[in-house]
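Asker: What follows is a structure written as structure tokens; I'll ask about it next.
The values are calculated or read from the model by the stated rules, or taken from the named source; none is laboratory data. Please read all numbers here as calculations on a predicted model, not as lab measurements. Because the Cβ atoms are built from the backbone with ideal geometry, glycine has one as well, and the counts that use them run over all protein chains shown.
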Amino acid sequence: MSTRQLKLNLFVYPGGHHEAAWRHPESHPDRVLDISFYQDLARSAEAAKLDAVFFADGPSLADNIRYASRFRLEPFTWLSAIAVATERIGLIGTASTTYLEPYNAARLFASLDHLSKGRAGWNIVTTGAPDAAYNFGLDAHPVHAERYDRAREFVDVVTDLWDSWEDDALVADRASGVFADADRIHRIDHVGRHFRVRGPLNTPRTAQGRPVYVQAGSSEDGRSFAATYAEAIFTAHQTIESAQEFYTDIKRRAAELGRKPEHVLVLPGISPFIGSTETEARALQDEFNELTQPAYSIDLLRRLLGVDLTGHDLDGPFPRGLIELQGDRVNSSRSQLVVDIVEREAPTIRQLLHRLAGARGHWTVAGTPEQIADRITEWFTQGAADGFNVMPPWLPGGLDAFVEHVLPILRARGLFRHDYTGTTLREHYGLTRPDSSFSTTHVDTPVPRERHPA
């Protein structure tokens, strides 16, 4: 059996990742607000021994809610309900460094990590939706560079708060009457550009030491941030060449910062349509694409590229000359991904809309179980991925097909586990448990920085 194993997450999106999934007869739009639906999905993923379930979030309502299931459930409430319905699978939730405060975020994730006995992961985002600003009393969304500057300080503060209790600070010694060793609980006294936080956290250190740091974003700022902090990176690529470039670059940057490259996992998204033959799989994909609403897809392109194609012939060539990325779009890896598709494939407008309908720019592939397994194996063995975020086009059927037909092939090749060997998300991912930065030893911690002693 291969010593290097795939890391596989279930990326849960209401109804599924295809934009028209909710319209398909095998989907269950009546259950997208029913927690038992998500508990059932998580149990299925756990039975398949997947590493984690991942739940995305955003602090504003998408402006295309008319045509797609784009609402958001608050992830900590959602993941807490998943935690009590499962035992081993990891629980990754999104929290914004732009629209939260570090102390609140540290408490929320520490509580989830305790509740789940060490299965929590933090998907660190800076939030790309401009409308979010108006929900938090701001006149405008902070620019890209400013959001990342705040994010770096935010993660530093959260890290110090999680470390503010040393591992042996909680004593609970009945004989002596000492509940906690106060000398091992530390104020962090952080004073920075964006935050002033005294600490310590009012929650002891968790089973993992710290929840796993996850990040999504492939811009220059995103890559720099990921190499410094991330332990798992969620990314979108359409070709193996693009994925290999990103993989090599991230591993190099991490090594230059003194980190172990194998402790920075690169996990692209894959949204598979699976059939008994390739023709059947492509017909299934076409079936979903025919359910799309062009107005929805055109609006998505407008937000990604700043180009309004209303009134254009959908079966005419995509007008590449209209694209001129400006503002935050210049730094948006997703916007650049769409431009790359246009330049590489010269699609019609409709063809591009269908490409994006599958998973919002993530890799969508149609084929037999063997073909899907071959593509996963190729990316995994050829320096493009350490694993994948599995993004079923619809739920639960898309997950069931992957678990029942693709996973057995990967297991037969020695590329995926038959059972869990650990209990925490760090153990599933093969990551070390970091020491508290206030103790005398350190294991693969983020880049050292100046401390503010009490």
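Asker: Kindly indicate the residue of the stretch 5-41 that is free of Cβ contacts under 8 Å to residues at least 60 places away in the same chain, part of a loop (DSSP other than H, G, I, E, B) and within 22 Å of the chain's Cα centre (by Cα) and also surrounded by the fewest Cβ atoms within 10 Å (Cβ to Cβ) among those meeting that condition.
Answerer: Among those residues, the one meeting the criterion is 33.
Conditions (1) buried (at least 20 other Cβ atoms within 10 Å of the Cβ); (2) among the charged types (D, E, K, R); (3) under 25 Å from residue 144 (Cα atoms), marked per residue:
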site: 268; (1), (2), (3): yes, no, yes
site: 274; (1), (2), (3): yes, no, no
site: 304; (1), (2), (3): yes, no, yes
site: 308; (1), (2), (3): no, yes, yes
site: 340; (1), (2), (3): no, yes, yes
site: 356; (1), (2), (3): yes, no, yes
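Asker: Now, a different point. Based on this model, can you work out whether residue 228 counts as in contact (Cβ under 8 Å) with a residue 40 or more places away in the chain and either assigned to a loop (DSSP other than H, G, I, E, B) or touching a Cys at 6+ places or on another chain (Cβ under 6 Å) (or both)?
Answerer: no
Asker: Now a separate question. Determine the pairs where a residue that is more than 22 Å from residue 222 (Cβ to Cβ), located within the stretch 333-349, has a partner that is modelled with pLDDT under 80 and among the charged types (D, E, K, R) with Cβ atoms under 9 Å apart, the partner being 6 or more residues away or on another chain.
Answerer: From the stretch 333-349, the pairs are 345/355; 346/320; 347/355.
Asker: State whether one or more residues within the stretch 24-35 are among the small types (Gly, Ala, Ser) and under 26 Å from residue 286 (Cα atoms).
Answerer: Restricting attention to the stretch 24-35, the residues satisfying the condition of being among the small types (Gly, Ala, Ser) are 27.
After this cut, where a residue has to be under 26 Å from residue 286 (Cα atoms) as well, the list is 27.
The answer is yes, given that some residue of the stretch 24-35 is among the small types (Gly, Ala, Ser) and under 26 Å from residue 286 (Cα atoms).
Asker: Does residue 80 satisfy the criteria of being assigned to a helix (DSSP H, G or I) and either of a type outside the set (A, V, I, L, M, F, W, C) or surrounded by fewer than 18 Cβ atoms within 10 Å (Cβ to Cβ) (or both)?
Answerer: The answer is yes for residue 80.
Asker: Sort out which residues of the stretch 123-155 are touching a strand residue (DSSP E or B) at 6+ places or on another chain (Cβ under 6 Å), of a type outside the set (A, V, I, L, M, F, W, C) and either in a strand (DSSP E or B) or more than 20 Å from residue 223 (Cβ to Cβ) (or both), and write them in order of number.
Answerer: Selection gives 123 alone.
Asker: Could you pull out the residue among 69, 44 that is within 26 Å of residue 267 (Cα to Cα) and under 19 Å from the mean Cα position of the chain (by Cα)?
Answerer: 69
Asker: Checking the structure you have, find out if any residue of the stretch 91-103 is assigned to a helix (DSSP H, G or I), surrounded by fewer than 21 Cβ atoms within 10 Å (Cβ to Cβ) and either hydrophobic (A, V, I, L, M, F, W, C) or free of Cβ contacts under 8 Å to residues at least 24 places away in the same chain (or both). Working first, answer last.
Answerer: Step one: of the stretch 91-103, the residues assigned to a helix (DSSP H, G or I) are 102-103.
Filter once more, so that each one left must be surrounded by fewer than 21 Cβ atoms within 10 Å (Cβ to Cβ): 103.
Within this subset, residues satisfying the condition of being either hydrophobic (A, V, I, L, M, F, W, C) or free of Cβ contacts under 8 Å to residues at least 24 places away in the same chain (or both) are none.
Within the stretch 91-103 (the criterion being assigned to a helix (DSSP H, G or I), surrounded by fewer than 21 Cβ atoms within 10 Å (Cβ to Cβ) and either hydrophobic (A, V, I, L, M, F, W, C) or free of Cβ contacts under 8 Å to residues at least 24 places away in the same chain (or both)), the answer is no, since none of the residues qualifies.
Asker: With 111, 44 as the choices, which residue is surrounded by fewer than 19 Cβ atoms within 10 Å (Cβ to Cβ), more than 25 Å from residue 154 (Cα to Cα) and modelled with pLDDT of 95 or more?
Answerer: 44
Asker: Which of the residues that make up the stretch 188-207 are within 24 Å of residue 115 (Cα to Cα), of a type outside the set (A, V, I, L, M, F, W, C) and in a loop (DSSP other than H, G, I, E, B)?
Answerer: So in the stretch 188-207, the residues within 24 Å of residue 115 (Cα to Cα) come out as 199-207.
Right, trim to of a type outside the set (A, V, I, L, M, F, W, C) and you get 199-200, 202-206.
199, 200, 202, 203, 204, 205 - these are the residues of the stretch 188-207 that are within 24 Å of residue 115 (Cα to Cα), of a type outside the set (A, V, I, L, M, F, W, C) and in a loop (DSSP other than H, G, I, E, B).
Asker: Next question, about the same structure. Hey, among the residues in the stretch 208-224 that are of a type in the set (S, T, N, Q) and not in a strand (DSSP E or B), which one's surrounded by the most Cβ atoms within 10 Å (Cβ to Cβ)?
Answerer: Only one residue tops the list, namely 208.
Asker: Just checking, how many residues over the stretch 47-58 are more than 21 Å from residue 18 (Cα to Cα) and under 16 Å from the mean Cα position of the chain (by Cα)? Give the derivation first.
Answerer: Within the stretch 47-58, the subset more than 21 Å from residue 18 (Cα to Cα) is 47-51.
Checking the rest, the ones that are also under 16 Å from the mean Cα position of the chain (by Cα) come to 50-51.
So the answer is 2.
Asker: Looking at residue 192 and the list (1) free of Cβ contacts under 8 Å to residues at least 60 places away in the same chain; (2) surrounded by 19 or more Cβ atoms within 10 Å (Cβ to Cβ); (3) touching a helix residue (DSSP H, G or I) at 6+ places or on another chain (Cβ under 6 Å), which single condition is not satisfied?
Answerer: Only one criterion is unmet by residue 192, namely (2).
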